[in-house]
Each structure stands twice: as C-alpha cells, then as structure tokens.
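The next block holds one structure in the form of structure tokens; read it before the comments.
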Ligand code: GLU
Ligand code: ZN
C-alpha cells in the first residue's frame with residue numbers, strides 16, 4: 001500500500017485556434033515554471049470544445065512549446081474526447097436539481113431588465129423558474145433551436161474567495177454569481193464546466209493561466225464544490241499578466257512577428273525567443289541565452305513582474 005499523495009500537477013490548456021503568439025508562449029512558460037519548480041507534473045490539454053477546431057493547430061502549438069524548451073508528462077489530453085465525463089457531471093448536477101433549460105437568445109439576455117448591480121450581460125434568470133409545462137412550451141417555441149443548460153446557482157451564493165499567487169486575495173465580494181451556461185444550445189460543453197471536470201480528472205492542483213480568465217475563477221470554484229471535486233485551498237491559482245502590443249491592447253497576431261514561425265523568418269530562433277521571454281520575466285539578462293533547466297532554478301514567483309509586459313519588436317534587438 002502506498003499512501004503518499006500523488007504528486008500534484010500543473011497544466012497548460014491552449015485552444016487550438018491557430019499558432020501560439022508570444023503572449024501564449026509566455027503564459028505556457030510560466031505554467032511550466034510554476035509546476036516544475038514545485039516538483040509537479042506538467043500536463044497538456046487541447047481545449048477544442050469551445051471554439052472551431054483546427055486539426056493542424058494543436059500539433060503546431062505543441063511543436064512550438066517543445067521548441068522553446070518546455071516539456072510535459074504523458075500524452076496531451078484532448079478535451080473533446082472527454083465528452084462522456086462532461087455529460088456525467090451535468091447529469092450529476094441535474095440530479096441535484098441544479099440544472100435548467102434556457103431558451104433565451106443572447107439578445108434577449110442583453111435586453112432583459114437585469115438585477116441591481118449585476119454586471120452587464122449577466123443572466124437575469126428568465127428561464128429559471130419554469131414549470132415542466134412552461135419548459136416544454138418554450139422548447140417548442142424555439143425549435144429547431146435547442147435550449148442551453150444553465151446552472152441553478154443556489155440562492156445567496158457569494159463568489160467564492162481564493163488566494164491568487166499573483167493577484168492576492170480574489171473573489172468573496174458582494175453580489176451574486178449568475179446562472180452560468182453548462183451546455184450551449186448548439187450542444188457544445190461550456191468552457192467553465194469542461195475546465196473544472198478535466199482539471200480534476202487530470203489531478204491538476206495548480207492552475208496558472210492568463211489574468212483575463214481570473215473573473216471565471218469564482219464560478220469554477222463554485223462548480224468544483226457543487227460537483228464534490230477538489231477545490232481551494234488544495235487547488236491553487238496564479239493568474240499571470242498578459243502581454244500587450246504596441247497599441248496597448250492585448251498582443252495579437254496583427255501586431256507583427258509574434259509567432260515562432262514569423263520570428264524564424266526574421267532569423268530569430270526558438271532559443272532566442274526563450275531568452276527574451278525569460279528576460280521579460282526577470283529570469284535572464286538582455287540577450288542572454290538560457291537553457292530551460294536554469295530557468296527552473298532561477299524561478300521565484302514572489303519576484304515576478306505584476307504588470308503586463310509591453311512587447312515591441314525591439315525586444316529582439318539585443
Ligand atoms: N483554453 C483557454 C484559453 O486558451 C485556457 C483555459 C484555462 O487555462 O483554464 O484561453
Ligand atoms: Zn433563459
């Protein structure tokens with residue numbers, strides 16, 4: 001018998017929507033550094049349920065991550081293969097009375113009067129309290145469109161609080177969590193559900209990702225709890241600053257040579273990209289070529305920059 005706890009795991013979970021750019025690569029490097037510097041496994045998951053699939057993109061993304069020196073344990077998990085587990089989780093919530101059908105269009109949601117202090121776009125609860133007969137009628141009214149499934153967030157639920165390694169104390173604020181979508185009208189599993197179910201199944205206890213996703217975290221913690229899955233404080237979070245382009249907006253491919261392929265065409269190889277990313281994290285000197293193992297030794301989450309990295313093409317001029 002071996003009752004020593006299995007080592008935890010970190011992960012990187014890209015959506016295969018095209019080549020990774022420097023911002024994605026930097027987030028991946030951070031997720032890898034957090035995991036490896038704490039003796040965790042590092043796992044990869046292809047999040048191909050929420051967006052259009054691009055069969056070639058996932059392979060290219062993995063090749064780019066390997067090229068900058070990241071490694072991971074085992075085969076990447078393909079999220080669309082996990083559908084039975086996603087359906088089972090929804091079923092479990094439904095048995096607890098926590099799921100209902102929503103026939104609203106996006107527009108109806110935006111135009112409905114919202115609860116006081118609810119953020120724009122928050123679901124106003126239109127379909128929450130329908131009788132079975134009303135539900136049937138609503139379903140027939142929208143056919144052939146299909147209803148979405150929403151979580152019936154228990155009355156009085158506050159956004160759960162958590163300690164973020166970079167953002168500090170998060171969540172726990174006044175205000176409610178709205179009834180989030182679990183399965184969309186087109187049948188696709190919603191991001192929040194898939195991520196929670198898959199992270200738990202993969203043994204992920206350290207979630208490092210871009211800080212644009214921080215606002216989803218309280219909902220995900222709520223789902224973990226309702227599903228009886230490991231949650232905070234056992235599961236830890238670090239939401240890392242994004243990379244901004246010259247215009248001050250989140251770095252995008254239109255900002256210039258920002259993918260490994262673009263950069264290679266300008267004579268900048270993956271080792272150099274690793275060096276520049278490391279420099280942006282305070283882990284390497286300007287122009288230094290640094291091998292991946294050295295980065296793990298130098299890594300100290302307490303000393304990471306807390307503000308976005310302002311990228312410009314000058315970053316590659318040593
Ligand atoms: N697939 C998401 C993205 O590429 C990341 C999900 C996560 O890290 O929780 O934005
Ligand atoms: Zn609705």
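Based on the alpha-carbon gyration tensor of the range 32-172 and its eigenvalue square roots a ≥ b ≥ c, which shape applies: rounded if a/c is under 1.5, prolate if not and a/b is larger than b/c, or oblate? Don't skip to the end; give the middle numbers.
Working: a/c = 2.33, a/b = 1.66, b/c = 1.40.
Prolate, since a/c reaches 1.5 and a/b exceeds b/c.
For the range 156-203, what relative contact order do you get, as a whole percent, if you take Cα pairs closer than 8 Å and at least 6 residues apart?
Details: 39 pairs, mean separation 11.8, N = 48.
About 25 percent, as a whole number.
Contact order, relative form, for the chain: 20 percent (alpha carbon pairs under 8 Å, 6 or more residues apart, mean separation divided by residue count). Using a/c under 1.5 as the rounded threshold, could you call the range 271-318 rounded, prolate or oblate? The axes a ≥ b ≥ c are square roots of the C-alpha gyration tensor eigenvalues, and prolate needs a/b larger than b/c, oblate otherwise. It comes out oblate by the Cα gyration axes.
With contacts defined as alpha carbon pairs under 8 Å and 6 or more residues apart, what's the relative contact order of the range 42-181 in percent? Write out the running numbers ahead of the final one.
Working: 141 pairs, mean separation 29.0, N = 140.
The value is 21 percent.
The DSSP beta bridges internal to the chain are antiparallel in roughly 45% of cases.
I need the Debye-formula profile for the range 24-85: one equal scatterer per C-alpha, no solvent, reported as log10 I(q)/I(0) at q = 0.25, 0.29 1/Å, two decimals. Here log10 of I(q) over I(0) equals -1.16, -1.31. Looking at the range 170-318 alone, DSSP beta bridges between its own residues are antiparallel in about 20 percent of cases. With all pairs of separate Cα atoms included, the chain yields a Kirkwood hydrodynamic radius of 21.2 Å.
Taking packing as the residue-averaged number of other Cβ atoms within 10 angstrom, the listed peptides 283-292, 114-123, 255-264 run from highest to lowest as 255-264, 283-292, 114-123.
Entry note, the chain: the mean residue ellipticity at 222 nm calculated from DSSP H runs of n ≥ 4, each adding -39500 (n - 2.57), is -9500 deg cm²/dmol after division by the residues and rounding to the nearest 500.
Computed across the range 112-195, the Kirkwood hydrodynamic radius from all distinct Cα-Cα pairs reaches 15.0 Å.
Can you classify the range 231-295 as rounded, prolate or oblate using the Cα gyration tensor, where a ≥ b ≥ c are the square roots of its eigenvalues, rounded means a/c under 1.5, and otherwise it's prolate if a/b beats b/c and oblate if not? It comes out oblate by the Cα gyration axes.
No lab work stands behind these numbers, since they all come straight from the coordinates. None of these values were measured; they are calculated from a predicted model. Cβ atoms come from the backbone with ideal geometry, glycine included; neighbour counts cover every protein chain shown.
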